[in-house]
Amino acid sequence: MSERKTAVVTGASRGIGKAVALELARAGYDIAAICASRIEAAEEVCEACRALGAEARAYRCDVSDSAAVKETAGAVRRDFGAVHVLVNNAGITRDTLVMTMKEEDFDAVIATNLKGAFLMTQAFLPLFLRAKEGCVVNISSVVGLMGNPGQANYAAAKAGLIGMTKTVAKEYAARGIRANAVAPGFIATEMTEGLETEELLAQIPLGRMGRPEEIAQAVQFLAQAEYVTGEVLRVDGGIAM
Ligand code: NAP
């Protein structure tokens, strides 16, 4: 990249978001790293980004809280000026079968995984429009494509993200703004701790869990891919083939 650009990454304190922040820093982006509560971990990610030559700042922001999102967007704008890439990665799970799923667990997963991406996109679109360019990458899931027992809330949120991605892509393409999604399979992070069973691995054609860095590479590709919009890129070892 010739001039420096800024990427906002939600859920950047650990797991996939941390890997995305580092990959984008390595590619030449300055990083606004957003987390829910583990601000020290997000600060450490920023330190690692700075070691790669990027500017980086950590922000604590619950992406499901519209006032907090607006405030954070204002802070990022003051700190970095322009924003070029938004990676909506923050996510949670509250797994159980439909019959036993509590309404609050359905709502919480939709609020963070789906509404959070909406609020962040809405808050950062004005910055993209001013810059006449911008790129949203939403971290969906193969579960949004295939369904998964115990994850009605999560599957609904991740499928919803795909619909939202394509809508944003259509609404803002003429203004130079792209929107794409990555649909990871099973990636080894805190979210999937304890899930790596022989039964699961047998369902994955490539026979292993993915690494956060493998999702980060897909995000970095989509950030740079100027003729790609409205795409859903599976990075899943073939499980959703
Ligand atoms: P993770 O290790 O559990 O990390 C979740 C991240 O999201 C943390 O940085 C957390 O911040 C942040 N977060 C949670 N709720 C938030 C909120 N309300 N506001 C702001 N930040 C919030 O998860 P991961 O495995 O890296 O997953 C990252 C994304 O990939 C999620 O959207 C997930 O659904 C998706 N995904 C994961 C897999 C997988 O196999 N791991 C597969 C498909 C899709 P704190 O550290 O401060 O709590």
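Observations
- Against the chain, whose longest principal axis comes from its Cα atoms, helix 116-131 is set at around 30 degrees.
- Separation in nanometres of the label points that stand 7 Å from Cα toward Cβ, at Lys170 and Thr100: 4.0 nm
- Local charge for Gln220 was computed over the other residues whose Cβ lies under 9 Å away, with Lys and Arg +1 and Asp and Glu -1, and equals 0.
- Using θ = phi - 60° in the Karplus curve 6.51 cos²θ - 1.76 cosθ + 1.60, the 3J(HN,Hα) couplings for segment 153-158 round to 5, 5, 4, 5, 5, 6 Hz; x is entered for Gly and Pro.
- Summarising the amide proton neighbourhood of Ile187: residues at separation of 5 or more, or on other chains, whose placed amide H is nearer than 5 Å comprise Gly210.
- Put simply, the amide H of Arg234, placed in the peptide plane, has neighbours under 5 Å in Ala183, leaving out anything fewer than 5 places away on its chain.
- Inter-probe distance in nm under a simple model that places probes 7 Å from Cα toward Cβ, at Gln122 and Asn148: 2.8 nm
- A simple spin-label model places pseudo-atoms 7 Å from Cα toward Cβ; at Ala75 and Gln224 they are separated by 3.1 nm.
- Between 0 and 90°, nearest 10: helix 212-224 axis offset from the chain longest Cα axis: 50 degrees
- Between segment 144-219 and segment 21-50, the alpha-carbon center distance in angstrom: 21 Å
FYI, it's all coordinate maths here, none of it is from the lab. Keep in mind that what you see is a predicted model, and the values were worked out from it rather than measured. Positions of Cβ are generated from backbone atoms using ideal geometry, with glycine treated the same way; all protein chains shown enter the neighbour counts.
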